[in-house]
1. Just add up the charged neighbours of MET302: K/R +1, D/E -1, any other residue whose Cβ is under 12 Å from the Cβ of MET302.
2. At q = 0.15, 0.20 Å⁻¹, what is the base-10 log of I(q)/I(0) for segment 218-365 according to the Debye formula with one equal point scatterer per Cα and no solvent? Please give it to two decimals.
3. Percent of Cα-Cα pairs more than 18 Å apart in segment 441-590, please.
4. Mind ordering 577-584, 535-542, 417-424 by average Cβ neighbours within 10 Å, highest first?
5. Testing the spin-label approximation: label points 7 Å from Cα along Cα→Cβ at LYS233 and ALA353. State their distance in nm.
6. Could you give the length gained by full extension between SER370 and TRP331, i.e. 0.36 nm per residue of separation minus their alpha carbon distance, to one decimal place?
7. May I ask you to order 320-328, 239-247 by the average number of other C-beta atoms within 10 Å around their residues, highest value first?
8. Using the Kirkwood radius built from alpha carbon pairs, what does the Stokes-Einstein equation give as D for segment 519-630 at 37 °C and 0.692 mPa s, in µm² per second?
Amino acid sequence: MSQPPGQQPPPQGGFGAPYDPQAGPGAGTGGPGPSPQPAGPYDAPAQPAGPYGQPPQPAGPYGQPPQPAGPYGQPPQPQPGYGYPPQPGPYGQQPPQPPTQPGYGHPPQGYGYPPQGYGHPQPGAGQLPPHQTPTQQYGAPPGGPQGGGGRFRSGTAKIVGAVLAVALVAGVGIWFAVGGDGGGKEPVAAPTHSGKPTASPSPTGSKAIGKPVVSPEEETRTINAGAKPGEAKVLWLQKGGVDLPPNGADVFGPWFAGDTVVKAMFYTVSGYSVSDGTLRWSFRLPAQVCAAPSQPTADGKMVLAIKHDTANDASCDTLQMIDLRTGKPGWRKAFVRKGVWDELSNLSMSINAGTVTVGRASRSEGFRVSDGKQIFRGQPGKCQPYGFASGPVAIAATSCLNDEYDYKDQQVQRIDPATGKVLWTYKLKKNWEVSQFYSISPLVVSLKQPDKWGILVLNDDGTYRSQLSGGPGDYEPKCDAELLSVSKNLDNCMGVAADANTFYMGTKTGMGTEHSNKIVAFDLTTGKYRWSADSPQGQTAIPLRVENGKLLMYVNPTLKKGGGIASLPLTGGTSQIVLRHPASGAEMELGLIGPRIAYVGGRTVLMQARLSGITGDEEVDARSMVVFGN
């Protein structure tokens, strides 16, 4: 994503005059320079009644403090540094040929092919589509041109000719993949990590390639022995330790409950001490975990989606509650999946206050986290939410069934998580889709068409606030598709941050490159570019969150320098290193391709979003999580 759409012209006739913009300098080539692009994918109302002359059913301003949509960077709980930013962003490490499923409207890709982002084509390596804007109103389904407003899931072996015929008649690009979870393969070992010494700290042979494999404990000692004064230490390092199916598995988390960090992968949910990696608890699931919200509840409760059973083609249709503080399981409940779109759709999950939502093509359901009671099941009428962003405010992406029996019209809605009642609705222009929620309070929404991108800002009552424009270009937020994950949550982005009045994102980064990039700020009220600042010299950086009057950033490692955490004044200027990771661990840190990043309690937590191996048992020895601190 190189440039957001140009600034919308002043309102004319009450709504503004939308039209397609001209491509700016460097458009489509990743080149710098702002695009002089007018109207975007939304109309700026000249009156508080909202766009399209339809007031958004406000329940009044909500006055919530700034809180991003996603789990990484912004604390979801009232603990210092707790949580992660709801913000997508680059890690400076370009993922190599991930095993993710392609975006909708793209040809099927087998595992190991480069990922296709939702709704936008890949013009080539390092080339991102120019930011342009639409000419009509309303919008297309989010996450890519997918017939049904949700994400299709892979791993089904139950598709028959009739289903395929229906899909082709509907004109929908669907990717069918058989094999499910790879033959129901179960883990052969628990993850190994330096927090609990292994039986043999000496190098052991790898069954995959016959090379020595250093234990996490040994690698941690070696890195720390080479750390220079002023550099942080590796507090603990963990390897995958699980023999996964050929296609690998997503790693869900990290989630934090007090001083415990939790991850879920394959058949297991485990909690570790953040300070030293000691295993606090582990819970064996009856089936493979297949989806999860990005944030837990404020009191540390999480609801996972698991498969119906261990069969290869098992449906992802069961919810399992677990207390992240103790590891004790709670209620387990199956939900019904009906129809072609529902059965093929990947789940989009969120936790909003005391409700967990399960979104998929054409509808979402809400369940009470405390006891599993169903609170709502879809909405009346043709418009159905298919995904929410986690947080205290339930913001949903909604698709509306048109006369052609396809979900082509898009909306952003605020829904009461306790009842499922719609509080307000904002309609997008035609053919625009909700791609991700970058932030919930303030509400910042990424919108896409197959070759266009826009960033919409709404007020708390659902009225239009602005659209972002200008700046140096070459922006590079990253979400699940770019992080090698097949998760379909709408708030799993990194590399963006927001406070009450400003939005921050970084320009393009590179893997191990010794150059700087820019951190760019936009005024949320006007949408205009405010300032840009250089990342630390010789390294790229991405925004994480705003905390204590500073913008916190993750600094990417290079071949000669460790990564770290830096801060930047909210007015721009010069960044300062807060936590410098050891240069002796730079190679190890670079080896974590596209990790999720959290800065919690003065420690950096890096966790792989997905583990897989090409040959043998590479995923068993692959580094899965590392924690840096003093």
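The values are calculated or read from the model by the stated rules, or taken from the named source; none is laboratory data. For clarity, every value in this text was computed on a predicted model and none was experimentally measured. Positions of Cβ are backbone-derived with ideal geometry, glycine not excepted, and every protein chain shown enters the neighbour counts. Surface accessibility is based on the protein's heavy atoms, side chains included, excluding ligands, DNA and RNA. Shrake-Rupley method; radii C 1.70, N 1.55, O 1.52, S 1.80 Å.
1. In short, +2.
2. -0.81, -1.24
3. 59
4. Values: 577-584: 20.8, 535-542: 23.5, 417-424: 18.4.
Peptide ranking by packing, descending: 535-542, 577-584, 417-424.
5. In this crude label model, LYS233 to ALA353 measures out at 4.5 nm.
6. Numbers: separation 39, 0.36 × 39 = 14.04 nm, distance 0.84 nm.
Taking SER370 through TRP331 to full extension adds about 13.2 nm, to one decimal.
7. The packing order, highest mean first, is 239-247, 320-328.
8. Estimated diffusion coefficient is 215 µm²/s.
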